[in-house]
Amino acid sequence: MGLRIIMLGAPGAGKGTQAQKLAAAYHLPQISTGDIFRKHLREGTELGKQVQGYLQSGALVPDELTCAIVADRLQAPDCANGYILDGFPRSQAQAESLDRLLQERNEKIDAVIEIDVPDAEIIERLSTRRSCPVCGAVYNLKFGPFPHEDEKCDRPNCGSHLVQRDDDREETIRERLKVYQQTTRPIREYYEKKGLLMSIPASRLGVEALFSKIEAMLAQAGASRSS
Ligand code: AP5
């Protein structure tokens, strides 16, 4: 029972945006390893100190550390009926580690959704992205969703000042794209062989149009929303 989804795609492809919409529609937790690391960074924890250099340079955090964090997060009660993995796994070692974890938990992944967007579009999107450092809402000053009040989060009871992520500088974006091509993109084949990959060409496809495609693909695969 439950729905377990992996969001795959280059930095800025729109994984987080779609994961948040799926989380709301299917009542599932969105587990973003990037968000977890950034929270630790903001709070100045020991883990935050450990991962700071990797995030700032656009490199991947070591597999062992990342897998341990995901294993720990999946223990939480809100993961009992499924979850959306956003930005994990990102290497062959992480994909294999997740398989072992799933086996221990007697679970399986239902779909791996790959959002495919060309690099030039990604660079354009990331330079205009703004995020809420408190609740994680994502905006875009050029493509939307736009914050209603300039640079402030729209979510009820939030209203925090929006920020540009430190790793959204062009030089770091290029490094993240390189890491994606070298280390993350190859795992699409791993999931293709398992018959789980749903790849969506998403160039110039707006947030709502992409979400409709994802929902249609999930419905075809037998997933339905719970009320
Ligand atoms: P992470 O936070 O996961 O960053 P990322 O993968 O680089 O992805 P992004 O969050 O940048 O983009 P997204 O695809 O979620 O796009 P979004 O929806 O925001 O990771 C950060 C770092 O943490 C890594 O570099 C690494 O160091 C470390 N890390 C994380 N996970 C790790 C792991 N598993 N292993 C090792 N290290 C790890 O959209 C982007 C922008 O476009 C937004 O402004 C949005 O509003 C806009 N937008 C979204 N959809 C559309 C659309 N359809 N049309 C136009 N604009 C759109």
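A few comments on the model shown:
- For the pair E192 and S212, the difference between a 0.36 nm per residue extended length and the Cα-Cα distance amounts to 5.0 nm.
- For segment 149-194: rounded, prolate or oblate by the Cα gyration tensor [a/c cutoff 1.5]: oblate
- Applying the Karplus relation 6.51 cos²θ - 1.76 cosθ + 1.60 with θ = phi - 60° to segment 88-98 yields 3J(HN,Hα) values of 8, x, 10, 8, 4, 4, 5, 5, 6, 5, 5 Hz, where x marks Gly and Pro.
- The chain shape via C-alpha gyration tensor axes, a/c threshold 1.5: rounded
- Top of L162, L177, L47 by mean-square fluctuation, Gaussian network on the chain, Cα under 10 Å: L47
- Under 20 Å from K194, Cα to Cα: aspartates and glutamates that are on another chain or at least 8 residues apart: D86, E96, D99, E104, E107, D110, E114, D116
- Largest-first ellipsoid semi-axes for segment 110-227, taking √(5λ) over the Cα gyration tensor eigenvalues, angstrom: 28, 21, 13
- q = 0.11, 0.15, 0.16 Å⁻¹: log10 I(q)/I(0) that the Debye formula gives for segment 25-121, counting C-alpha atoms only: -0.36, -0.67, -0.76
- Set of segment 49-78 residues, backbone N closer than 14 Å to the point 7 Å along the Cα-Cβ line of E96: 63-64
- Zero-based 5 Å bins, Cα pair distances in segment 160-227, whole percents: 3, 12, 13, 15, 20, 18, 12, 7, 1
- The convex hull defined by the C-alpha atoms of segment 28-77 has an orientation-averaged projected area of 3.7 nm².
- When the listed pairs K21/K178; K21/K49; K15/K213; K39/K178 are checked against a 20 Å cut-off, the alpha-carbon distance exceeds it for K21/K178; K21/K49; K39/K178.
- G58 long-range amide H proximity, modeled H, under 5 Å: none
None of the figures in this text is laboratory data; all of them are computed from the coordinates on show. What you see is a predicted model, and the numbers here were worked out from it, not measured in a lab. As a convention, Cβ positions derive from the backbone with ideal geometry for all residues, glycine included, and neighbour counts pool all protein chains shown.
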